[in-house]
Amino acid sequence: MTWKRSLPILALILIAAVLFLRPGERPFEERRAFLMGTAVLVRAQADEAVLDETMALLRDLDRSLSAHSESSEIGRANGKSGTEVSLSPRTARLLERALLWAERTGGAFDPTLRPLTRLWLGDGLEHEPPSPEAVAEALRHVGWSRVRLDGKKLLLEPAMGLDLGGIAKGYGADEAVSLLRHKGVSSALVDLGGNIVVIGERPGGGPWRIGIQDPRKPRGERLGIVEVRDRSVVSSGNYERFLLWQGERYGHIVDPATGFPARSDLEGVTVLSESSLDGDALATALFVLGRERALALTEDLERDGYAFILVGADRRIDLSPSLTGLFRLEAEEYRLETGR
Ligand code: ADP
Ligand code: MG
């Protein structure tokens, strides 16, 4: 190509570069906190006041939803099992959605695991795992189908208890994003410990690139990247939080069928969805179900726009067909399976 003929192209590149810079564009603000037992990050092209309001909303949710605190709304409801209590409209709606997912996942996701999760997680410190007898006794008081929820009126059987920890972060991310959108924000990323929701495109334009953690590597080392716009990306696994006792890892995701930490042939599950609440419930459930039963469920959900990255212990990754071209595998130990 001659110098003269390439001039228009050079001019185009220059224009593109100027557009890319977008002078006068509002800068991204950032807030970090530790809420809902996890690291929270909000990055948004928004005023400081909008970010502060978003963080206040998340703090408020944390206070009302924590199963560990006796003074939270959930804690108080658990303390009154056996008698009818009145929930706030927000918590009642959340529980309703949780029960829906419990039904849809055949109970692999169960919001009534509190009697068990308090045994397995205890005070959050390293401690001896509970005895099989204690687990069996706690399991008698678990079962989503025994929850009586009528509008805002909740009745739990005596000794039953709610734990919405498997859905709270996703719900929080959804609420934060809906507040940001309401304030007119058109580019943002909300990350509640692996529950990520993005609005629009990343700073400078183009899809947001979300790294998928390699379950076998230290935190921050990813196995690949997925590109998203206006979507939630939730990752679940037992690699982040677990109880360690005498060299044995006890993961924080409990199998409601056994009462023990789920022994899954999946090491990591990522769900892409519109709602992060849905993604959160599903990621936990698919992990519990394991590959075969997870794949039976995902096929249906893919028709509704959900997409999945299932990382197996055998290093096989099952990828939803819709993610071809959006997910880029980087770790060479893994192989992709898309032929479904
Ligand atoms: P991850 O961060 O790996 O996605 P989550 O925090 O979403 O995990 O879910 C784990 C939390 O959910 C646990 O700490 C516990 O409070 C609760 N939980 C554990 N097992 C289940 C289950 N099978 N169904 C519903 N909630 C669960
Ligand atoms: Mg979850």
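The values are calculated or read from the model by the stated rules, or taken from the named source; none is laboratory data. Just so you know, these numbers come straight off a predicted model, no measurement behind them. With ideal geometry, Cβ positions are generated from the backbone for all residues, glycine too; neighbour counts draw on all protein chains shown. SASA here: full protein model, heavy atoms, side chains in, ligands and nucleic acids out. Shrake-Rupley method; radii C 1.70, N 1.55, O 1.52, S 1.80 Å.
If the chain linking Glu30 and Glu274 were pulled fully straight, counting 0.36 nm for each residue of separation and taking away their Cα-Cα distance, it would gain 85.5 nm. Distances between placed amide hydrogens fall under 5 Å for Asp255 paired with Phe260, Ala262, all partners being 5 or more residues away or on another chain.
Name the residue farthest towards the positive end of the dipole of the chain from the options Ser232, Thr91, Gly268, assuming +1 on Cβ of Lys and Arg, -1 on Cβ of Asp and Glu, about the Cα centre. Going by the Cα projections, it comes out as Ser232. Site pair Asp300 and Arg222 shows an inter-label distance of 3.2 nm when each label is modelled 7 Å from Cα along Cα→Cβ. According to the square roots a ≥ b ≥ c of the eigenvalues of the Cα gyration tensor, what is the shape class of the stretch 63-165, taking rounded for a/c under 1.5, prolate for a/b larger than b/c otherwise, and oblate for the remainder? Prolate, because a/c is 1.5 or more and a/b exceeds b/c. Residue-wise HN-Hα couplings along the stretch 186-203, as the Karplus relation 6.51 cos²θ - 1.76 cosθ + 1.60 with θ = phi - 60° gives them from phi, are 10, 8, 6, 9, 10, 10, 10, x, x, 9, 10, 10, 10, 10, x, 10, 6, x Hz; Gly and Pro carry x. Accessible surface of His127, taken over heavy atoms with a 1.4 Å probe and every protein chain present, rounds to 40 Å².
What are the DSSP H helices in the chain that stretch 18 Å or more along their long axis, judged by alpha-carbon atoms, and whose average Kyte-Doolittle hydropathy comes to at least 1.0?
3-21
Listed values for the stretch 254-271 are Karplus-derived 3J(HN,Hα) couplings in whole Hz (6.51 cos²θ - 1.76 cosθ + 1.60, θ = phi - 60°), namely 9, 7, x, 6, 10, x, 9, x, 4, 9, 9, 8, 9, 9, x, 10, 10, 10, and x replaces Gly and Pro.
Could you give the dipole magnitude of the stretch 63-165 about its Cα centre, charging the beta-carbon of Lys and Arg +1 and that of Asp and Glu -1, in debye to the nearest 20? Result for the stretch 63-165 is approximately 580 debye, rounded to the nearest 20. Listed values for the stretch 216-227 are Karplus-derived 3J(HN,Hα) couplings in whole Hz (6.51 cos²θ - 1.76 cosθ + 1.60, θ = phi - 60°), namely 9, 10, x, 3, x, 8, 9, 9, x, 10, 10, 9, and x replaces Gly and Pro.
With the cut-off at 1.5 for a/c, could you classify the stretch 98-239 from its C-alpha gyration tensor as rounded, prolate or oblate? Don't skip to the answer; put the middle values down first.
Details: a/c = 2.88, a/b = 1.59, b/c = 1.81.
Because a/c hits 1.5 or more and a/b fails to exceed b/c, the stretch 98-239 counts as oblate.
Non-local amide H neighbours of Ala67 (under 5 Å, H modeled in plane, Pro and chain starts lacking H): which ones? Residues meeting the criterion, in which the H sits 1.01 Å from N, are Leu164.
To the nearest 20 debye, what is the magnitude of the charge dipole of the chain about its Cα centre, counting +1 on the Cβ of each Lys and Arg and -1 on the Cβ of each Asp and Glu? In total the dipole reaches around 800 debye.
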